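K.L.:
Sharing a structure with you now.
Since every read-out is calculated from the coordinates, none of them should be taken as a lab result. Values in this document were obtained by computation on a predicted structure and should not be read as measured data. Cβ sites come from the backbone with ideal geometry, for glycine too, and all protein chains shown count toward neighbours.
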């Protein structure tokens, strides 16, 4: 019984993450509609804010080819570490976000499910995300588009 209790207690404790609470990770990333500079802030161990500022490379599924300026903001739930493979911790995230593209004027919302590799010996994280999105064209005739195959990713250094 004691061995079972100790085993369950060891599963409940989570190893530290590459990003520390209150710190910011900066790098490059690809979101649902944005490619550019990426930032992630961890205000607590269980959630984070992630943002991108850059250009919109376009989306055939949403029906536009290029946007000169775009921004994205995500809210992520930081889920428990799923693997401790030296020299990295592998975790996962769930969340939602929104983006705005300036031309064509497009507002979209996304669901997010990601896998994140946090290097133990260096303050670096690498993530890959599945990001299905729904976009609403505000001008240029209006309309709605759906991208069920959206993907993204980030490479960041934590400060």
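K.L.:
I want to check the label-to-label distance for residue 83 and residue 20. Put each point 7 Å from Cα in the C-beta direction and report it in nm to one decimal.
P.N.:
2.8 nm
K.L.:
Using the number of other C-beta atoms within 10 angstrom as an exposure proxy, rank 92, 41 with the fewest first.
P.N.:
Working: 92 18, 41 14.
Fewest-to-most Cβ neighbours within 10 Å comes out as 41, 92.
K.L.:
Let me ask you something else. How far apart, in nm, are two points set 7 Å out from the Cα along the Cα-to-Cβ line at residue 149 and at residue 73?
P.N.:
3.1 nm
K.L.:
Two decimals, Cα atoms only, Kirkwood Rh: what is Rg/Rh over the stretch 20-158? Intermediate values should be presented prior to the final figure.
P.N.:
Details: Rg = 15.2 Å, Rh = 15.1 Å.
Answer for the stretch 20-158: 1.01.
K.L.:
For residue 136 and residue 47 in the same chain, what is the full-extension length gain: residue separation times 0.36 nm, less their Cα-Cα distance, in nm?
P.N.:
Gain on stretching residue 136 to residue 47: 29.3 nm.
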